[in-house]
Structure formats: structure tokens, C-alpha cells
Amino acid sequence: MYLDVNHIITKKITFYNNNSNNDNQLNIAYGIDKNFSLGCAVSLSSILIFNPNLNFSFHIFTNHLPEDFEKNFKLLSEEYKTNITLYLVNDLSLSKLPTTKNWTIATYFRFIIADYFYQKIDKILYLDADIICNGSLEELFELQFDNNIAYVVKDKDSIWWKKCAFRLDENRLSNAYFNAGFLLIDLNKWYENNINSQALELLSDNNKSPKFTHLDQDVLNLLLLEKVKYLDNKYNRQVSINYELKYKIYSPDLEQTILIHYIGPTKPWHNWAKDYKCSQYFVNAKEQSPLKSIPFLSAITANQMRYCSKHKIHQKKYFSGIICNIIYCLKKLTKHK
């Protein structure tokens, strides 16, 4: 499978356009759909809040580009005097690749990003839009790749790695399996090793793709095996807001964390999740940004209603929790008719 980025990217909008020395600049890219636009904007803001003296250029690849989305990023670029470029993606060529309820077509935009920037810049930092910055990224400017393709952060623990190794039939993964929400990529080595084409070929293979429960993350772990360097988990510390439902007290120590990654279906920009302690890093970044007046998002889909109901009841907001559960049941019934 081949991606022709010149036809896939149908529109490009650049704000601010500071033509400073690229040698002292870190390019950061996001790939999002409409459900992650607020998360992406606050993620970008948090990086600038904690790194006021560093030079960044931001690139947002999306398949949904409404007017208010453009206005928000224009506002951010003017407020922080930073380069922000929006790229409208025609995702039709990706439509046959596997997706799940929580992993949409936007997860494959990282391949478009890697293709697009090859021979334009040497490296790029790809971040998931549900990552919030809580410290300095200065170290990332100076990292040397040596013979490696990317810097990554290990996912979970050795028990999980062994499960992934068994599922993917690759014993070497029992030594480490990384989370693809943080990828500092050497674009030249990525291209030389033909990572995009190999990944898309594996994902398009109907015999192999069923074992990829984590889609491109599984595939990248296979293709980048022994070709990555590992950073401390402070650069991709995973937090699940749904653990608030599982544990009596959920209070991960995040003070020394640089990048907080809100995994799972419940996000800190959901209005039923914003009051938890673990969500405050997102809330604080939003409040300090020009986007502070934008409302948190309400539940719309059946899946969101389900989790909204659970969290409302957990928060002892029983009436609204029951209402959400009724709406969830109605949505499920309507879907199955």
C-alpha cells in the first residue's frame, strides 16, 4: 500500500510563520479527528506554557477542519508567537485499514506525517493529542539517534510485554513493548527502512491484521524491534481516568512527569471527568491558555453516555448518572434495530 501525500493533503493553513533557525527548533506533529481537537489545542498550549524559552513548530493533521477549529489555533499562534500549521487530510486511501471503537482512522495519520516531512526536516516528535506537558522538553532537542530509528517510551510493565510477545508471536517483545503515543522519529532512517510501506502492508493483510489489537502500535513494535532507544517513562506516563472507577483511591504521582498521557475512552476534556485530581494537569493548562472559555465536552455517543453514567454515579450524582444510563440504553436499542 502506498500513500501519495501530495494528494492526501488537500489544504494547508499556516499561522504566524516565524522563520527562525530550524537547527534550534523542534517540530511537533499531531494526527487527530474531530473528537480530539480540544485535547490537541490544550496539549499544544501546555508545551508552550512549560517551555517559554524553547522554539517549536507545530503541525496538526486532521480530517475535520471547521471554522472554529482554525480560529482556535490562530488564536494560540498569536498568543504564543509560535508556528502552527494545519493540514486537511483526505483519509479515503486509509479507509480499508482496521479501526476499533477507540482507535479511529486518525491513528494512521502518523504515517502521512512521516512521509510528508521526509527530506524537509531530519526529525519530528509525534504526540498523541491526549498528552499534556508538565515540564521541560529541552532534552529532546539534543538527543542523538546513532543507528536507531526512533526514541520511544516503554508501555506498562514486563507482564504486559510478555502478553504482547505471545499475541504477536515475537519473543523479543517480552524484553520491551513501547507505546506509540510518543515517537521522536529520525525521518531519514524511517524512510531508509521502509517503515511506512511495511506497516501499511501488514495492516492491510487480512490474515495478519486480526492479531493487531493495538493496530499500528503493534505493527510499529514489530518493525522497529531493536531499532529504538528508550526514554524514561516521565516522557509518556500513562494515566487512565477510568481507574477512578476501579480503585478506591486513584492518585498517581505525576509531579515529576514531563508528558502525561490520558489513555482510554474517558478524557480530561469530558465534562464528567474534569474534577478528578489526575485531570487537573489538563484543566490547569486549559485555564492558563486563551482557550479557557471553551466548554468541556458533553457525552454524545452511546459509549460516552455509558462512561458518563458510571462516573456520575461514582461521584454520587445519582440522578444525572441514571439519566445518562437511560440515554445510553436508548442509543444501544436504536443502533440494533
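The values are calculated or read from the model by the stated rules, or taken from the named source; none is laboratory data. All of these numbers come straight from a predicted model, not from anything done at the bench. A quick note on method: Cβ atoms are made from the backbone with ideal geometry, for glycine too, and the neighbour counts reach across all protein chains shown. Surface accessibility is based on the protein's heavy atoms, side chains included, excluding ligands, DNA and RNA. Shrake-Rupley method; radii C 1.70, N 1.55, O 1.52, S 1.80 Å.
Can you work out the accessible area per residue across region 1-156, with the rest of the protein chains kept in place, probe 1.4 Å, in square angstrom?
Computed with neighbouring chains in place, this is 45 Å² per residue.
For the chain, calculate the relative contact order in percent as a whole number, restricting contacts to Cα pairs under 8 Å that are 6 or more residues apart.
With pairs under 8 Å counted, the relative contact order is 18 percent.
Hey, any idea what % of region 237-331's accessible area is carbon plus sulfur with a 1.4 Å probe?
Values: 2860 of 4980 Å².
Carbon and sulfur: 57 percent of the exposed surface of region 237-331.
Order of 118-124, 266-272 by packing, highest average Cβ count within 10 Å first?
Taking the mean over residues of other Cβ atoms within 10 Å, the ranking is 266-272, 118-124.
Treat each spin label as a single point 7 Å out from the Cα along the C-beta direction, and report the residue 34 to residue 147 distance in nm.
Between residue 34 and residue 147, the label points sit 4.8 nm apart.
Starting at the first residue of region 192-197, write each ³J(HN,Hα) from the Karplus equation 6.51 cos²θ - 1.76 cosθ + 1.60 with θ = phi - 60°, in whole Hz, x for Gly and Pro.
Running phi through 6.51 cos²θ - 1.76 cosθ + 1.60 with θ = phi - 60° gives 4, 8, 6, 5, 4, 5 Hz.
Based on DSSP H runs of at least 4 residues, each adding -39500 (n - 2.57), what is the mean residue ellipticity at 222 nm of the chain after dividing by all its residues, to the nearest 500 deg cm²/dmol?
One gets -11000 deg cm²/dmol as the mean residue ellipticity at 222 nm.
Return the percentage of antiparallel bridges among DSSP beta bridges fully within region 1-128, rounded to the nearest 5 %.
25
Testing the spin-label approximation: label points 7 Å from Cα along Cα→Cβ at residue 206 and residue 234. State their distance in nm.
4.9
Run the numbers for residue 4 and residue 301: contour at 0.36 nm per residue of separation, minus the present Cα-Cα distance, in nm.
Gain on extension, residue 4 to residue 301, equals 103.6 nm.
Order these peptides, 36-46, 99-109, 156-166, by their mean beta-carbon neighbour count within 10 angstrom, highest first.
Result, highest mean Cβ count within 10 Å first: 36-46, 99-109, 156-166.
Tell me, what is the per residue accessible area of region 213-337 in Å², probe radius 1.4 Å? Can you show the working numbers first?
On the way: 6640 Å² over 125 residues.
That works out to 53 Å² per residue.
Carbon-plus-sulfur fraction of the accessible area of region 30-84, 1.4 Å probe, in percent? Can you show the working numbers first?
Numbers: 970 of 2110 Å².
Carbon plus sulfur share of accessible area: 46 percent.
Whose amide H sits under 5 Å from the amide H of residue 236, counting only residues 5 or more places off or on another chain, with H placed in the peptide plane?
Residues meeting the criterion, in which the H sits 1.01 Å from N, are 259.
Give me a comma-separated list of calculated 3J(HN,Hα) values for region 59-71, in order, Karplus coefficients 6.51, -1.76, 1.60 applied at θ = phi - 60°, integers in Hz, x for any Gly or Pro.
Those phi angles translate into 9, 10, 9, 8, 9, 9, 10, x, 4, 5, 4, 4, 4 Hz.
Residue-wise, which Karplus ³J(HN,Hα) couplings in Hz belong to region 40-54, taking 6.51 cos²θ - 1.76 cosθ + 1.60, θ = phi - 60°, and x for glycine or proline?
With coefficients 6.51, -1.76 and 1.60, one gets 5, 4, 6, 4, 4, 4, 5, 4, 6, 5, 8, 9, x, 9, 9 Hz.
Using modelled backbone amide H atoms (1.01 Å from N, in-plane), which distant-in-sequence or interchain residues come within less than 5 Å of residue 177's amide H?
Amide H neighbours of residue 177, under 5 Å, 5+ apart: 155.
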